[in-house]
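Here's the structure, in structure tokens; my notes come after.
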Amino acid sequence: MNKFTILVVEDQKDILELLVYNLKMAGYTVITAQSGEPALQYVNENAPDLVLLDLMLPGIDGYEICRRIK
């Protein structure tokens with residue numbers, strides 16, 4: 001089993017569920033956020049190993065989230 005944590009940021013429920021299911025089946029720990037604010041908060045507090053980031057999100061878009069994480 002992998003010990004890596006992946007943050008999935010996606011606002012469409014069907015896509016989010018599909019990603020989470022497949023990543024968990026592959027053995028990853030998966031955290032989700034459906035908008036930019038909680039995603040940024042999680043990144044600042046926990047530093048996931050990977051962020052899968054939708055670009056078109058409500059509020060803060062994916063480009064801005066990426067800039068802030070950088």
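Calculate, for the chain, the solvent-accessible area per residue in square angstrom, rolling a 1.4 angstrom probe over the heavy atoms of the protein chains.
Values: 4820 Å² over 70 residues.
Here the residues of the chain average 69 Å² of exposed surface.
Only Lys, Arg, Asp and Glu count, each charged at its Cβ (+1, +1, -1, -1), so figure out the dipole size of the chain about its Cα centre, rounded to 20 debye.
Around 280 debye, computed over the chain.
What ³J(HN,Hα) values, in whole Hz, does the Karplus curve 6.51 cos²θ - 1.76 cosθ + 1.60 give for the range 54-70 when θ = phi - 60°, with x put for Gly and Pro?
6, 7, 9, 10, x, x, 6, 7, x, 4, 5, 4, 4, 4, 5, 5, 4
Mean separation of Cα pairs under 8 Å and 6+ residues apart, divided by the residue count of the chain: what relative contact order is that in percent?
38
Which trypsin sites (Lys or Arg not before Pro) in the range 1-30 pass both tests, a DSSP loop state and at most 12 other beta-carbon atoms within 10 Å? If you can, show how the numbers build up before the last one.
Working: sites: 3, 13, 24; in loops: 3.
The qualifying sites are 3.
The values are calculated or read from the model by the stated rules, or taken from the named source; none is laboratory data. Everything quoted here is computed from the prediction, not taken from an experiment. Cβ sites come from the backbone with ideal geometry, for glycine too, and all protein chains shown count toward neighbours. These area figures cover heavy atoms from the full protein model, side chains too; ligands, DNA and RNA do not enter into them. Shrake-Rupley method; radii C 1.70, N 1.55, O 1.52, S 1.80 Å.
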